[in-house]
1. What do you get for GluC sites (Glu not before Pro) in segment 1-66 restricted to DSSP loop and a cutoff of at most 14 other Cβ within 10 Å of the site's Cβ?
2. Can you tell me the equivalent ellipsoid semi-axes for segment 138-188? Use √(5λ) from the Cα gyration tensor, largest first, whole Å.
3. Sort 397, 96 by heavy-atom solvent-accessible area, probe 1.4 angstrom, most to least.
4. Under the rule a/c < 1.5 gives rounded, and otherwise a/b versus b/c splits prolate from oblate, where does segment 5-137 land using the Cα gyration tensor?
5. Could you work out the helix-only [θ] at 222 nm for the chain, with each DSSP H run of four or more residues adding -39,500 (n - 2.57) and the total divided by the number of residues, to the nearest 500 deg cm²/dmol?
6. Find the all-direction average of the projected area of the Cα convex hull for segment 31-92, expressing the result in square nanometres with one decimal place.
7. Once amide H atoms are placed 1.01 Å from N in the peptide plane, what residues at a sequence separation of 5 or more from residue 146, or on another chain, have their amide H within under 5 Å of its amide H?
8. Give me Rg/Rg_expected for segment 92-196, where Rg uses Cα atoms only and Rg_expected = 2.2 N^0.38 Å with N residues.
Amino acid sequence: MALVVQKYGGTSMGSVERIRNVARRITRTYDAGNDMVVVVSAMSGETNKLVALANDLCEFPDNREYDVLVASGEQVSIALLAICLKSMGYKAKSYHGWQVPILTDSAFSKARIEDIPDTNMRADLNDGTIIVVAGFQGVDSTGNITTLGRGGSDTSAVALAAALTADVCEIYTDVDGVYTTDPNICSSARKIEKVSYDEMLELASLGAKVLQIRSVEFAKKYNVDIHVRSSFNDNPGTMVTKEDKEMESVLVSGIAYDKNETKIAVMQVPDTPGIAAKILSPLADANISVDMIVQNVSEAGYTDFTFTVTKADFKLALAITTETAREVEAGTVVTDENISKISIVGLGMRSHAGVATKMFQTLAKEGINIQMISTSEIKISVIVDSKYTELAVRVLHEVFGLAGGE
Ligand code: ASP
Ligand code: MG
């Protein structure tokens, strides 16, 4: 007999019929003799609707009340699922975040989980009750309702699995698992059986939106194996787990792309100490995060300073940078909004040389110009013209052997 944590996302809970389907899956695992804690998201689209209502009322909704509002989507889900399970003759009980309790700090809309005492849940589990917990929400030390950031139910599930030292943590979604790349643009993309926490963090932050990033960080910290799988079939999904020898032998395990970046370049910046900080700190002050940065000194004592920011931050970043450029007596500011970031991710890069060369040669052969490059231990990212996104992903997927069944 095991303790199983299962999480069902918004699409899996999207209608009464789908909730019945979820209930059938839960009872199958329960009937096999397992203790069950189930975490659910709001029905698909509901959280967006709530956010829109608040934004219709005013531009900056009060933080505390915003969390009270958006947490309500999950309340509907836990009640409906518990009603369904009980109507099928099972013992079930819904839990708000505060009833668990899932204790968090007071950072409304991006609260961090601090502790999850398990006494209440243990009592119900010992009684054979299926526990249905509202994902995404918690409670702070003064009893305020908090939420964990969009997509936060994944983190609720992993945190509960850690707190209860569950044997299994399954995240059910509407895809079969994590893919080698986006199947919508590359038909030979295939499901990855096993991926390390670090690779998943790189892939998730690059747009493979299967799991909230924070849930993977949590899983890594507490050593929780996450099984990502579909609630619409019985296929095995992807295990997100700690790395092993076998994973290290794979050069590249996935290819991500991100069309959400823009490029800003300040030309002819005087090459003096502190200039990078001068350009970047007004952006940081405005809460704009900069992703890639390239700086190169030319002979004449000038440097060209280029960086990328998200599309949402572009306008403000450009205004700020234009002002800074004037202050430091730099040259013109040049921009490009049609760029795309292509990244290859794999543990094997740490121990194998030549991965970057192979990537660059492959892109060159297709006539794709590389505008910027950045690397980490297990990732190489390049910026290219966005019209080459699909082509770049496909040729890299092919050349690194991701399509074939190795
Ligand atoms: N319902 C919340 C959201 O849409 C949390 C979640 O789905 O994980 O962001
Ligand atoms: Mg999600």
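1. Passing both the DSSP loop test and the Cβ count: 59.
2. Its equivalent ellipsoid spans semi-axes of 31, 16, 7 Å.
3. Descending order: 96, 397.
4. Numbers: a/c = 2.87, a/b = 1.49, b/c = 1.93.
Oblate, since a/c reaches 1.5 and b/c is not below a/b.
5. So the helix-based figure for the chain works out to -10500 deg cm²/dmol.
6. Averaged projected hull area, Cα only: 5.4 nm².
7. Distant-sequence amide H within range of residue 146: 138, 139, 140.
8. 1.28
The values are calculated or read from the model by the stated rules, or taken from the named source; none is laboratory data. All of these numbers come straight from a predicted model, not from anything done at the bench. Every residue, glycine among them, receives a Cβ derived from its backbone with ideal geometry; neighbour counts consider all protein chains shown. To get the accessible areas, we keep the full protein, side chains included, count just its heavy atoms, and leave off ligands, DNA and RNA. Shrake-Rupley method; radii C 1.70, N 1.55, O 1.52, S 1.80 Å.
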